[in-house]
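The values are calculated or read from the model by the stated rules, or taken from the named source; none is laboratory data. This one's a predicted model, so the numbers in the text were calculated from it and none came from an experiment. Positions of Cβ are backbone-derived with ideal geometry, glycine not excepted, and every protein chain shown enters the neighbour counts. In case anyone asks, the SASA skips ligands and DNA or RNA and just uses the protein heavy atoms, side chains included. Shrake-Rupley method; radii C 1.70, N 1.55, O 1.52, S 1.80 Å.
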Amino acid sequence: MKRLVIFFILSLFYIPAAAEPTEHKGILYTKLAENIWMHTTYHKTKNWGKVRSNGLIVLTKEGALLIDTGWNNTQTQHILNWVHEELETTVTAAVFTHAHDDKMGGVQAVIDWGAKTFAHPLSNQFAPNEDLTPAEYNLQILSNGDAVAAHPAFDGIKIFYPGGGHTRDNIVVALPTANILFGGCLIRPENSHSLGNTATADIKAWSTSVETIANRFPNARLIVPSHGDPSDRKLLDHTIKLAQHTVSK
């Protein structure tokens, strides 16, 4: 009995171990857990130099779910092909976490593939102004922040809108069975010393939004940011402190 209690306590702090990444056509694929992969693409930006961006691939009974695209349609087409060829399934649905090119730069490739595409209504509203293709469908945002996508590939997956932060439309995606939370650009990587790109940010709301996420998903153990390595819940605390410090300046 004592051993079972110890095992249970240790399991609360367990962080899924990521495998070594596989590289294909300049894109990295890292297995985070059974049926869950992280895709990592790179783009040289004017203000930030070469920047990485992470998204996820989740294998479901209804095909693969893509969370965020690459920076452009070419990268995204490579991701779609890799899922088909290496994972022997096809992307049938996709959700995008906000209307910036690192998250929605390849939406057209996903639509052309034949997958159903979803985003926050604000993301679809903002996309044309960012020279991006909107998703085909709006997520239904409930009063408690939960978001609903009408597609069976989302069964068991939690989409959540915490309020503004990195952008006014940023959402996060939780995978409860694996204790993984994809925080996107709302969550800053461990080595970051600033909030990064704040051109369309709601800085005053940022820390509160992350606190809301932390409370909504207390069992999330592996936190995946867009622009750095996945880590534990310290990324949530780190982001909150960065946001509060930025506001107090």
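Some notes on this structure:
- Top-ranked residue of region 34-62 - restricted to ones that are buried (at least 18 other Cβ atoms within 10 Å of the Cβ) and of a type in the set (Gly, Ala, Ser), ranked as farthest from the chain's Cα centre (by Cα): Ser53
- Filter result for Glu23 (closer than 21 Å to Asn219 by Cβ, modelled with pLDDT of 95 or more and surrounded by fewer than 16 Cβ atoms within 10 Å (Cβ to Cβ)): no
- Residues being open to solvent by less than 60 Å² (accessible area, probe 1.4 Å) and within 20 Å of Leu32 (Cα to Cα) - total across region 187-221: 6
- Tabulated pairs, region 107-127, first more than 15 Å from Gln140 (Cα to Cα), second open to solvent by 50 Å² or more (accessible area, probe 1.4 Å) and among the polar types (S, T, N, Q), C-beta under 6 angstrom, 6+ apart or interchain: Gln108/Asn73; Ala109/Asn73; Ala109/Gln77
- Residue that is nearest to the chain's Cα centre (by Cα) [pool: residues in region 223-249 that are aliphatic (A, V, I, L, M) and open to solvent by less than 10 Å² (accessible area, probe 1.4 Å)]: Val224
- Note on region 145-157: among residues that are open to solvent by less than 30 Å² (accessible area, probe 1.4 Å) and aliphatic (A, V, I, L, M), the one that is nearest to the chain's Cα centre (by Cα) is Ile157.
- Restricting region 1-20 to residues that are part of a loop (DSSP other than H, G, I, E, B) and open to solvent by 70 Å² or more (accessible area, probe 1.4 Å), the residue that is modelled with the highest pLDDT is Glu20.
- Within region 71-101, the set of residues being among the polar types (S, T, N, Q), open to solvent by 40 Å² or more (accessible area, probe 1.4 Å) and within 20 Å of Glu136 (Cα to Cα) comprises Asn72, Asn73, Thr74, Gln77, Thr90.
- Qualifying residue in region 158-179 (condition: open to solvent by 30 Å² or more (accessible area, probe 1.4 Å), touching a Gly at 6+ places or on another chain (Cβ under 8 Å) and part of a loop (DSSP other than H, G, I, E, B)): yes
- Taking the criterion of being in a strand (DSSP E or B) and more than 11 Å from Gln75 (Cβ to Cβ), the residues of region 25-38 that qualify are Leu28, Tyr29, Thr30, Lys31, Leu32, Ala33, Ile36, Trp37, Met38.
- Residues of region 108-144 satisfying the condition of being part of a strand (DSSP E or B) and crowded, with 22+ Cβ neighbours inside 10 Å: Thr117, Phe118, Ala119
- Scanning region 222-249 for residues that are out of contact with any Pro (no Cβ under 7 Å at 6 or more places or on another chain) and closer than 27 Å to Leu28 by Cβ yields a total of 11.
- Residue match in region 39-60 (condition: within 22 Å of Ala174 (Cα to Cα), polar (S, T, N, Q), at pLDDT 95 or above and part of a loop (DSSP other than H, G, I, E, B)): no
- Test for Ile171: is it free of Cβ contacts under 8 Å to residues at least 60 places away in the same chain and in contact with a strand residue (DSSP E or B) (Cβ under 7 Å, 6 or more places away or on another chain): no
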